[in-house]
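Each remark here refers to the structure printed beneath this line.
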Amino acid sequence: MGDALAELKRRARMMWAAGKWDDIAELGQPVGRDLVSRLDVTGGQDVLDVGAGSGNAAIYAAQAGARVVASDLTPELFDDGRARAQRNGVELEWVEADAEALPFEDESFDVVMSTFGAMFAPRHAVVASELARVCRPGGRIGLTTWPPGSLPAMIMTRTERFMPPQPDFVQPPLLWGGEAHVRELFEPHGVSVSFQRGDLAHDGFTTAEEYAEFIQSRLGPVVMAKAMLTQQGRWDEYHAISLATTEGATTPTERGVAVHNHYLITLGTKAG
């Protein structure tokens, strides 16, 4: 598995660096604010954001007065993150880190969180073990993930046939959207979990197609998929499926449409 795993992570880093992630992060800001609020992050706490990207949730935690480490497998995203943090008047520590091998001591953080980040690491039990390991007794773990029926989940599911097969050890990221799976991952580590729901509604687009094209030109995995599928002559088919799925998740507004992205919130407490 060693060489295959290393190659998978190399490609993942390249994939997430391929687009314009900070534009995507701008759309996702309400989720970071929501998660930090539900975790009751306060001043003086040590907080780790796993898969932080350009620092969405991490910045809100820092604004609450916490000492925050923003970590990600893709350090190419950190320059935008530093600029974003500066604009918001906060300082973060930026650390290149793999969610499956976090470079921190045991029980280093009061809060460990991830917004749509850790879910994309290939081995879920390893990730859960690492999140729990670096969390202090009595500390909190908070995740946002895409559940079945959400727009991102439907698009990923319906377009899997366009993508090359993954190695056998890779677990689908959408499993993190299932409560039973998440509970099973954390219970062996003394982390009790509860679940809530959120809705990220993007209402700054005139049509579903405008939203789809925004995502397709900025989200790294889709940017790379577009290049591959265009070369294969399959992009139009992919785009049609993606657009039809997006249209099904929209509601009309005075200015155009609102695109709804429902997400699962996992809130865990480590036994103390």
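The values are calculated or read from the model by the stated rules, or taken from the named source; none is laboratory data. Please read all numbers here as calculations on a predicted model, not as lab measurements. Here the Cβ is made from the backbone with ideal geometry for all residues, glycine too, and neighbour counts use every protein chain on show.
Beta carbons closer than 6 Å, at least 6 apart along the sequence or on distinct chains, pair a first residue in the range 247-272 that is farther than 16 Å from S114 by Cβ with a second that is of a type in the set (A, V, I, L, M) and surrounded by fewer than 18 Cβ atoms within 10 Å (Cβ to Cβ) for T251/A258; A258/A201; H260/A201. Restricting attention to the range 167-187, the residues that are without any contact (Cβ under 8 Å) to a residue 12 or more places away in the chain and either at positive phi or in a helix (DSSP H, G or I) (or both) total 4. When M119, M156 are checked against the criterion of being assigned to a helix (DSSP H, G or I) and modelled with pLDDT under 95, M156 stands alone in meeting it. Here S114 fulfils each of the conditions (1) in contact with a Leu (Cβ under 9 Å, 6 or more places away or on another chain); (2) at pLDDT below 95; (3) under 30 Å from A258 (Cα atoms) apart from (2). Step by step: first the residues of the range 1-57, then only those that are assigned to a loop (DSSP other than H, G, I, E, B) and of a type in the set (S, T, Y), then the one that is nearest to F78 (Cα to Cα). Which residue is that? Restricting to residues being assigned to a loop (DSSP other than H, G, I, E, B) and of a type in the set (S, T, Y), the top hit is S54. Taking the numbered list (1) closer than 28 Å to D199 by Cα; (2) not in a loop (DSSP other than H, G, I, E, B) in turn, W94 passes all entries but (1).
Residue-level check: of (1) modelled with pLDDT of 95 or more; (2) in contact with a strand residue (DSSP E or B) (Cβ under 9 Å, 6 or more places away or on another chain); (3) not aromatic (F, W, Y), Q171 misses just (2). Against the numbered list (1) surrounded by fewer than 23 Cβ atoms within 10 Å (Cβ to Cβ); (2) more than 30 Å from G190 (Cα to Cα); (3) at pLDDT 95 or above, L27 comes up short only at (3). Close contacts from the range 106-123, counting a first residue that is surrounded by fewer than 20 Cβ atoms within 10 Å (Cβ to Cβ) and a second that is modelled with pLDDT of 95 or more and of a type in the set (A, V, I, L, M), with Cβ to Cβ under 6 Å and a gap of 6+ residues or different chains, come to S108/V134.
If we keep just the residues of the range 204-255 that are outside any helix (DSSP H, G or I) and among the basic types (K, R), which is nearest to the chain's Cα centre (by Cα)?
R218
Within the range 51-59, does at least one residue satisfy the condition of being over 16 Å from the mean Cα position of the chain (by Cα) and closer than 18 Å to G139 by Cβ? Scanning the range 51-59, I find no residue that is over 16 Å from the mean Cα position of the chain (by Cα) and closer than 18 Å to G139 by Cβ, so the answer is no.
Taking the conditions (1) among the β-branched types (V, I, T); (2) surrounded by 14 or more Cβ atoms within 10 Å (Cβ to Cβ); (3) under 30 Å from V257 (Cβ atoms) in turn, V170 satisfies each one other than (3). One residue stands out in the range 157-203 among those that are hydroxyl-bearing (S, T, Y) and farther than 29 Å from L8 by Cβ: the one that is farthest from the chain's Cα centre (by Cα), namely S192. Of all residues in the range 186-230, those satisfying the criterion of being over 22 Å from A18 (Cα atoms), out of contact with any Ser or Thr (no Cβ under 6 Å at 6 or more places or on another chain) and among the β-branched types (V, I, T) are V191, T206, T207.
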